[in-house]
Amino acid sequence: MRYDGAMSGVRFVFAGALNAFLAVLMGAFGAHLLDQRFMIEKHYLDVWKTGVQYHLFHALALLYLGSVAEKLGAKLSEWIGALFAMGMALFCGSLYLLAITSLQKAGALKWLGMVTPAGGVCFLGAWALLAWAGTKKNVT
């Protein structure tokens, strides 16, 4: 079997749907358990919600990437997809960790403050590559 953009597209649709599922699950967890059962501070609940929002937005971006991957080609779509995935892991994951541990105030997880922007840079890189590809390829 040849590995090409079409195969990448299937993988991105799967990854996008799986991450959308996880984002909805994390949103429900935040709304029903963090807020009501664990009574975390509003600030940390807002941090959690930001993680959920970015997680869902970028899950949808992976779904879109799956629909245009064949036009972009395997190599370019793989780079974009990898950057989206790393962004979700680093940006959203660090926000989830910050919110659930609520230890940032004590300084125990200061390193998370450096991880979140790295995830944001991954998101920016993915969007920039996708924008560039849109000017070079016939992506609709």
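The values are calculated or read from the model by the stated rules, or taken from the named source; none is laboratory data. Model, not experiment: these values are computed from the prediction. Here the Cβ is made from the backbone with ideal geometry for all residues, glycine too, and neighbour counts use every protein chain on show.
Below, the figures for the structure above:
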read-out	value
Residue check for L45: in contact with an Asp or Glu (Cβ under 9 Å, 6 or more places away or on another chain), more than 14 Å from W127 (Cα to Cα) and assigned to a helix (DSSP H, G or I)	yes
Sole exception among (1) modelled with pLDDT of 95 or more; (2) among the β-branched types (V, I, T); (3) within 23 Å of A118 (Cβ to Cβ) for I100, by number	(1)
Subset of segment 8-54 that is among the aromatic types (F, W, Y) and farther than 21 Å from G113 by Cβ - its residue that is surrounded by the most Cβ atoms within 10 Å (Cβ to Cβ)	F12
Of residues in segment 1-38 being assigned to a loop (DSSP other than H, G, I, E, B) and among the hydrophobic types (A, V, I, L, M, F, W, C), the one modelled with the highest pLDDT	F38
Failed item in (1) modelled with pLDDT of 85 or more; (2) surrounded by fewer than 18 Cβ atoms within 10 Å (Cβ to Cβ); (3) not basic (K, R), with L109 passing the rest	(1)
Lone qualifier among A61, A74, A82 - being crowded, with 22+ Cβ neighbours inside 10 Å and either among the small types (G, A, S) or touching a Gly at 6+ places or on another chain (Cβ under 6 Å) (or both)	A61
